[in-house]
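Working notes, beginning with the structure itself.
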Amino acid sequence: MKIILICPFENEVSIKTSFEILKLILIEKIHVSVDKNLYKAFKKLDQNIEINIYDNLNLSADFLFCIGGDGSMLKAVSFLKQNQIPILGINIGRVGFLTGIQKEKLNSGIHSLKSKNYSLVNRDLLTLKINRKINLEFPYALNEITVSRKNTASLVSIETSIDKIKLSKYWADGLIIATPTGSTGYNLSSGGPIMLPETPSMLITPIAAHNLNVRPLVIPNDSIIELKVDGQGTGSDHFLSLDSKLISIPYKTKIIISRASFSVKTVQFQKNEFYNDLSEKLFWGLDKRN
């Protein structure tokens, strides 16, 4: 088995944890490749450690091991781009909805991979087109694409159409277009519904809408959403974010959002793992009355 090991947030704690994970992997006689920065960091901890450096993503790799939490997994998507290597997220963060295993259970996880006792979850991404030039190397999002106000306390108006049919003009702090994967993120904290990652849908969720009758909307994942943002406050720009990537663009820019032509594959070890995550990570049912 061949893997690529990444640690998107390279701080002292994560490097030490990554090194512990690396040693567990090497005990299992697995071929491991890392980037140059991680290689140098590991060599400082143990000059005799035997690992490889990759220059480009090796499509012959069986898995990408991503160490961290949900933020690391989002960065892993940008790292992989359109390469279809399955990602196993090793959680050393807090919630870790996207990760597949806690670091304490990695040994059993590796044995499950070797025995092919796992399944893959296909996760849709969103892609973005706008009618202006922007410096965005990877115009895709695994969780959500969001438009929101900038440098103003005033609401923004967001003209919204689906498949060229006018839906609404939202008066709000912003609007979230989320995938089912992203339903447990910003969408959830803004009152949107939770969806299983495999659900063929997209979510439109307003952020603090002025009209209380406005509610989140679930639409088919083959829909094409068009947005145009305007405002009455100071400034002439608004924010546009793709997961953790944030840029500023002018008002009245035409923003077109649709499902990407490729998906991301993540590893899971238990059947109906998402249902278990809801109870364990969102504390569903943990009430003294139950």
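Per residue, how much accessible surface does the chain expose to a 1.4 Å probe? Answer in Å², no decimals.
52
Across all Cα atoms of the chain, the radius of gyration (one decimal) and Dmax (whole number) stand at 20.7, 64 Å. Let me know the whole percent of all Cα-Cα pairs from the stretch 248-290 that are separated by more than 11 Å. Counting every Cα pair in the stretch 248-290, those more than 11 Å apart make up 79 percent.
Report the equivalent ellipsoid semi-axes for the stretch 1-143 in whole Å, largest first, defined as the square roots of five times the eigenvalues of the gyration tensor built from alpha carbon atoms.
After scaling each eigenvalue by five and taking roots: 26, 18, 15 Å.
Near GLU273: Cβ cut-off under 12 Å, other residues only, Lys/Arg at +1 and Asp/Glu at -1. The net charge is -1.
For the Cα trace of the stretch 175-290, dividing Rg by the Kirkwood Rh returns an Rg/Rh value of 1.03. On average, how much area does the Cα convex hull of the stretch 38-88 cover when viewed from any direction, in nm²? It is 4.2 nm².
With all pairs of different C-alpha atoms in the average, the Kirkwood value for the hydrodynamic radius of the stretch 84-183 is 17.3 Å.
The stretch 224-251 and the stretch 103-131 have Cα centres separated by 32 Å. Surface composition of the chain: carbon and sulfur atoms hold 49% of the protein heavy-atom accessible area at a 1.4 Å probe. Based on alpha carbons, the Rg and Dmax found for the stretch 1-64 are 11.0, 30 Å. Shape index of the stretch 147-242: Rg/Rh, with Rg the Cα radius of gyration and Rh the Kirkwood radius from the inverse mean 1/r over Cα pairs, equals 0.96. The calculated FRET efficiency for the pair LYS44 and LEU136, based on their C-beta separation and a Förster distance of 30 Å, comes to about 0.30.
Excluding THR179 itself, what net charge comes from residues whose Cβ is under 9 Å from its Cβ, given Lys and Arg +1 and Asp and Glu -1?
It works out to a net charge of 0.
The values are calculated or read from the model by the stated rules, or taken from the named source; none is laboratory data. Keep in mind it's a predicted model, so treat the numbers as computed, not measured. We place every Cβ from the backbone using ideal geometry, glycine too, and count neighbours over all the protein chains shown. Side chains are part of the model used for accessible areas, which takes the heavy atoms of the whole protein and leaves out ligands, DNA and RNA. Shrake-Rupley method; radii C 1.70, N 1.55, O 1.52, S 1.80 Å.
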